[in-house]
Amino acid sequence: MTAHPGWQREGLTQVARTYELGTFARAIDLVVKLGALAEKHGHHPDLDVRGATVRVTWTTHDAGGLTRLDLALAEASDELVG
């Protein structure tokens, strides 16, 4: 996970990160952007929104764990935040 700072491995099957975005509007904006990213790749994260905080979890259920796509989308998630 050193190539993906801020992301934590949870067990053998997923990576997660919590973004503190400052405002609820920024949090929802990130969720919308993540939704578009997920649709483009046909791969959808688990999202938890609490006020200005968004927790993103990537895993590939069909593969029973992490894949390169999960790590690529984790990196793309960071790019959406800027």
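The values are calculated or read from the model by the stated rules, or taken from the named source; none is laboratory data. Only a predicted model underlies this, so the values are computations on that prediction, with no experimental measurement involved. Quick reminder, even Gly has a Cβ in these numbers, built from the backbone with ideal geometry, and neighbours come from all protein chains shown.
Which one of 59, 23 is more than 15 Å from residue 79 (Cβ to Cβ), over 9 Å from the mean Cα position of the chain (by Cα) and in contact (Cβ under 8 Å) with a residue 40 or more places away in the chain?
59
Can you tell me which residues in region 45-68 are modelled with pLDDT of 95 or more and of a type outside the set (S, T, N, Q)?
Result: 45, 46, 47, 48, 49, 50, 51, 52, 54, 55, 56, 58.
Scanning for something over 12 Å from the mean Cα position of the chain (by Cα) and within 17 Å of residue 79 (Cβ to Cβ), does region 40-56 turn up at least one residue?
The answer is yes, given that some residue of region 40-56 is over 12 Å from the mean Cα position of the chain (by Cα) and within 17 Å of residue 79 (Cβ to Cβ).
Do you know which of the residues in region 59-73 that are closer than 11 Å to residue 41 by Cβ, touching a strand residue (DSSP E or B) at 6+ places or on another chain (Cβ under 7 Å) and aliphatic (A, V, I, L, M) is surrounded by the most Cβ atoms within 10 Å (Cβ to Cβ)?
Looking at the filtered set, the residue picked out is 73.
Quick grid of which residues meet (1) at positive phi; (2) buried (at least 16 other Cβ atoms within 10 Å of the Cβ); (3) hydrophobic (A, V, I, L, M, F, W, C); (4) not in a loop (DSSP other than H, G, I, E, B):
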| position | (1), (2), (3), (4) |
| --- | --- |
| 19 | no, yes, no, yes |
| 28 | no, no, yes, yes |
| 44 | no, no, no, no |
| 75 | no, no, no, yes |
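Against the conditions (1) part of a helix (DSSP H, G or I); (2) at pLDDT 95 or above, where does residue 71 fall short? Just the number, please.
Only one criterion is unmet by residue 71, namely (2).
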